[in-house]
Structures are given as C-alpha cells and as structure tokens.
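Remarks on the structure that follows.
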C-alpha cells in the first residue's frame, strides 16, 4: 500500500468527519423543527377531524408547488442516492423547505405517510451546502451526503447507531460503505444530540424480553410478504396514478378524495397520519384487528402513490408491528415480542437494510432484542427479494437464495 495514498485517505476522512459535525448539528435543528411541527399537525388533526376534507386541496397545492418549483427534487431520497452513486449536479437546497412543509401539509390533513423521508432529504440537502464553499471533491461529497442521510435518520427516530448504519447500508444491496462509517457516526450522534437538546422527546417504546421458541424465526415469511406487498402496492398505485391523463398536480387531489372515501368507509381515523396509536396498541394483547396491517398498507400506498409527500418507514413500522401482534394473537404468543420483531423486520425487508434494523431493535426495545432481531431481520431480507422502497438502491451482491433475475442496476466498484 502506498503510504501517501493511505495518508491522503485518512486526511480526507478526518476532513469530512469534521464537516459532518456541522451537518449533524444543522440537520438536528431542522429535524427538531420538523418534529415539533409534525406533533402540532397531528394534534390539530386529532382535535379538528374535519380537516380531512381539506386533503384534496392540500394535495393539489403540494402537487402544484412541486410542478412549478421542485420538479428537479421530486425524486426525493432516490435523487440523493443517485448523487452518491454518480455525482452529477448539486442538490438544490430548495429540497429541504419543500419536503418539510409538504410533509406537514400531508399530515395536518390526514394523509398516511411517515417522517424519515423528510429528515433524510433535509439532511442530504444541508450536507450539499458545504461542498462548494469547502471545495470538496466527488469522493468527499459522497461521504458527506451519506452523513446527511445518517443525521436525518438518527435525529428523527432518536437512534444514532441505527442512523449511522443506515447511511452506509442503504446505498446498495449486499454491501456496506464502511469508509463512510466515521462521518455517519459523527453526523448521526450530533444530530440526535442537538434534536434532544432543544427539547424534542421521541416516542417511547416498551423494553422487550425475548421469548425464545422455534416459532419466531418462521415469522420472517409473513413479514417478507408484508414488506414485498408494501413495495409492490405502492409502486402499482403510483404507476396507476401516472397513467391518468390529468396534470401532475391533479393526481394528489384524486388521491386525497380516495383517502377521504377510505376513511369514511373504515369509520376511524386510526390509519391517517403516522398511526402511532396503532403502533402503541400493537404491543397490547388484542389491541389490533388481524386486518389492521393491510388497511395501513393501503392507506399509505394511496397517499404516497398519488403524490403526497412523507416517508415510508413509520408506516412500515406500523404494518410490521400490527402484523406481528395479529400473529401473536392467533398463535397465543407474546404480542410485545412479536410486534417488536415485525416493527423492525418489515422495514428491513422493504428497504433492504437488515443490519440497520437489527441495531434499531436494540436501541428502541432494549439490547436483549439484538439476537432475535438479527435472525428475523436477515431472514426477512433474504426472502423479500431485490426490489425495495428505494428504486435507486444498487444491487452489489445477490441475496443468498435462488430467484429469477431482475434487471437491476449494479453498484460499481464494490
């Protein structure tokens, strides 16, 4: 190994990690603002249920704004992944305020969406602000964008270790970008610390005591079906919406009308917004119905597929937790343990990030969850296949099982 090359690489890593501290701080502040506004939006929707009927108007406004001002950032998280794989152009900073206020608009009027997409996109946009003033090269920019992803994830969920792993795992299926681990750790921990320091309190999950049995590894099968089903339905609804011969901004209007009809049909607003109440009840015996996970999946697919803004991760948490709870009820098992496994494993399968989800399980539900989550998350990941919620994710190594070959992009140089 060339000593000069090793020294240059080390200096580059230290330089990016120092900048990542700033990225984490600003992303933590942005995430804190977002979470505060999101809490306010959720409280207002609960207090004024008639806001639901404004969802089509909000959708039309969101669609019109993105058509006029944000067409180059409409791809969201996938755009950031593409820039890390193949740098082309600076990430417009307008991505940050656009995704912030459009996600709040989605939630205040009852759209079913998540929050990680917003925080991750804000983190990426903030990270790219530092590239030109500091004259960072392409490789340094890639590492800094990864740090931005990590900072957003770690800050919004209060899980800095999982955020750092997310930053190096989400880029490609079957590979970890370990060269980005240090800046991702710095950004994720600083982002989480800043977010908490300004008074943000994260949702508290129960500490879980695993119940070891021969049954729980089999949970990977239904969890994989839910993860794959979520991905397929979201893409199918999006494809259907794109086939409508209407202006782009009209599609969210139609989606809003469909969500209203679905809400009136089920007779409850449990499936609107983040559905944290459903997640909380999933940890109680008999707290959710066996079909709850399917309804949350459909509400989210319509919301996101028709062009509303937000993330997929919290809905995936809800789908997994309620599915795990339903299986526990049918099989007379511990609903807390099964819900916690589903919470993490369905996200692992849908996003192809099993290591991140294993660490997430330990951070949210206690260190005793690490080993069972490791087993179920990786089994779910292997069964799910190579498609996922992030279309720009590359395929580095095929998953260890026979499967019909997909026409996926491969990650070069890994």
The listed residue being in contact with a helix residue (DSSP H, G or I) (Cβ under 6 Å, 6 or more places away or on another chain) and either assigned to a helix (DSSP H, G or I) or surrounded by fewer than 20 Cβ atoms within 10 Å (Cβ to Cβ) (or both), out of 110, 105, 54
105
Tell me, which residue of segment 216-264 that is surrounded by 13 or more Cβ atoms within 10 Å (Cβ to Cβ) and not in a helix (DSSP H, G or I) is modelled with the lowest pLDDT?
248
Could you please tell me which pairs satisfy a Cβ distance under 6 Å, a separation of 6+ or placement on different chains, a first residue in segment 128-150 that is free of Cβ contacts under 8 Å to residues at least 60 places away in the same chain and outside the structural domain of residue 172 (by TED's automatic domain parsing), and a second residue that is part of a helix (DSSP H, G or I) and crowded, with 19+ Cβ neighbours inside 10 Å?
none
How many residues of segment 158-180 are at pLDDT 95 or above, in a helix (DSSP H, G or I) and within 23 Å of residue 395 (Cα to Cα)? The answer is 8
Output the residues belonging to segment 265-287 that are touching a residue at least 24 places away in the same chain (Cβ under 8 Å), part of a loop (DSSP other than H, G, I, E, B), within 20 Å of residue 113 (Cβ to Cβ) and over 18 Å from the mean Cα position of the chain (by Cα).
269
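The values are calculated or read from the model by the stated rules, or taken from the named source; none is laboratory data. Computed from a prediction, not measured in an experiment: that's the story for all the values here. Here the Cβ is made from the backbone with ideal geometry for all residues, glycine too, and neighbour counts use every protein chain on show.
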